[in-house]
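Presented below is the structure to which this report refers.
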Amino acid sequence: MRRGLIARSKIELPDAVFDARLERLRVAMRGLDALLVYTNNTRPAAVSWLTGFIPYWSEAMLVVPRDRPPVLVVALTLRVKPWIERTSRVAEVIHAARIGVAAARLIASCKVDATVGVVDFDHLSAGIADDLSEAGPRFILSDASEVFAGVRGSADPTEIMLTGRASSIASRALSRVEPREDVNEIVAAVEGEARRRGAEEVYVAVAPDLARDRRLMRIEGEPVLGRRFSVRASVAYKGSWVRRVVTVDRDGAARDAAEAFADAVAQLPSDRALSQFSWFLVEACRMAQPLEPLMGSHIASPRPPVAGAVVSVQACLEIDAQPVLIGAPALIGAPGEAASTFP
């Protein structure tokens, strides 16, 4: 369940932004009568990109007809209806315990044998898939994941702006890290600063002693900080997620990693330079998962980001024969242009 404030700003996310995104999607919906997009608190990104709706909990289904405004079917009580209407760009909010049944009936009321695409179909629960078949027995259902990803891949100016804001929040939060504090004080300081600056959500992970373990983990107990440790902040702002990672070295050697990291990121979508590091990972939002792994040391089938995509990059470099973890969001340039990290 989310804990931060979710409120819509029509200055940062005006109606025209959602209308333009919806129109881009409809152009790509060739041969489809309607599109279904599922959302819950762990897979919110596709619906939030189209409408601004971000669930604190429970689940919902966005129905995008080819020629009518989108409708949101939610498994929530009527008590939250005013909040959903304030924060979402949809024509109607329908409340139903079985969102699959309600969504299918809505489509079937216009066309009983509709061709319906489902975004991220492989991750749709069997129960909802069964409900779609029950209420729309003549539907032709198909996986529309690549249709949506093709539209979602390149960021529009609003998404770039919001990513920059999320990156700034994460950067300022990580600036609160002090090597003299213990791990739990560091986590509290980072999370507190991110929330004060408007983060909807923030997750903090720490590698307390890089000489022992390079893994970034949610902290339990009171581990002892080594001479070199890393902190990662995963921050959401207005539906845009980023990750930033810093390494604190009591001897100061970690500063040398920033330039090498920026030079490697500049070569994206090629991973040739990043592959020279001990480890790397490139994540982005393609569909419902806020940060989906695209490329990395342990990814067998990479999906390079397209031109104009916003990504979050993490890497492990070796400086003075010691590991340094570093990470930042970046914008993939147009063909022939270098990618650039967000400040």
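Within the range 78-94, the residues that satisfy the criterion of being within 12 Å of Leu22 (Cβ to Cβ) and without any contact (Cβ under 8 Å) to a residue 40 or more places away in the chain are Val90, Ala91.
Just for helices (runs of 4 or more DSSP H) wholly inside the range 1-108: which have at least 3 residues that are aliphatic (A, V, I, L, M)?
Of the helices (runs of 4 or more DSSP H) lying wholly inside the range 1-108, those with at least 3 residues that are aliphatic (A, V, I, L, M) span 15-28, 45-51, 99-108.
Scanning the range 228-257 for residues that are at pLDDT 90 or above and not hydrophobic (A, V, I, L, M, F, W, C) yields Arg228, Ser230, Arg232, Ser234, Tyr237, Lys238, Gly239, Ser240, Arg243, Arg244, Thr247.
Taken together, the residues in the range 251-290 that are under 16 Å from the mean Cα position of the chain (by Cα) and within 18 Å of Val231 (Cα to Cα) amount to 3. When Ala75, Ala60 are checked against the criterion of being in contact with an Asp or Glu (Cβ under 7 Å, 6 or more places away or on another chain), under 30 Å from Glu191 (Cβ atoms), assigned by TED's automatic domain parsing to the domain that holds Ala135 and free of Cβ contacts under 8 Å to residues at least 40 places away in the same chain, a single residue qualifies: Ala75. Val112 meets all of the listed conditions (1) in contact with a Pro (Cβ under 9 Å, 6 or more places away or on another chain); (2) buried (at least 19 other Cβ atoms within 10 Å of the Cβ); (3) assigned to a loop (DSSP other than H, G, I, E, B) but one, namely (2). The single condition among (1) surrounded by 18 or more Cβ atoms within 10 Å (Cβ to Cβ); (2) at pLDDT 95 or above that Glu200 does not satisfy is (2).
I need a count of the residues in the range 115-127 that are of a type in the set (S, T, N, Q) and assigned to a strand (DSSP E or B).
Going through the range 115-127 one residue at a time, the tally reaches 1.
Within the range 8-27, if we keep just the residues that are touching a Ser or Thr at 6+ places or on another chain (Cβ under 8 Å) and of a type in the set (D, E, K, R), the residue that is modelled with the lowest pLDDT turns out to be Arg8.
The number of residues in the range 161-172 being within 19 Å of the chain's Cα centre (by Cα) and either in the same structural domain as Met29 (by TED's automatic domain parsing) or under 30 Å from Asp251 (Cβ atoms) (or both) comes to 5.
Restricting attention to the range 95-132, the residues that are over 13 Å from Glu59 (Cα atoms) and free of Cβ contacts under 8 Å to residues at least 24 places away in the same chain add up to 3. Scanning the range 46-84 for residues that are surrounded by 15 or more Cβ atoms within 10 Å (Cβ to Cβ), over 21 Å from Val116 (Cβ atoms) and not aromatic (Phe, Trp, Tyr) returns Ser48, Gly52, Ile54, Pro55, Ser58, Leu76, Val80, Ile84.
Residues of the range 27-39 that are touching a strand residue (DSSP E or B) at 6+ places or on another chain (Cβ under 8 Å) and surrounded by fewer than 17 Cβ atoms within 10 Å (Cβ to Cβ): Gly31 alone. Looking across the range 170-186 at every residue that is touching a residue at least 60 places away in the same chain (Cβ under 8 Å) and of a type outside the set (A, V, I, L, M), the one that is surrounded by the fewest Cβ atoms within 10 Å (Cβ to Cβ) is identified as Pro179.
Among all positions in the range 4-14, there is no residue which is surrounded by 14 or more Cβ atoms within 10 Å (Cβ to Cβ) and under 26 Å from Arg105 (Cα atoms). Looking only at the range 242-263, residues that are out of contact with any helix residue (DSSP H, G or I) (no Cβ under 7 Å at 6 or more places or on another chain), more than 22 Å from Arg180 (Cα to Cα) and part of a strand (DSSP E or B) come to 1 in all.
The values are calculated or read from the model by the stated rules, or taken from the named source; none is laboratory data. Since the model is a prediction, treat every value here as computed from it, not as a measurement. Glycine also receives a Cβ, built like all others from the backbone with ideal geometry; neighbour counts cover every protein chain displayed.
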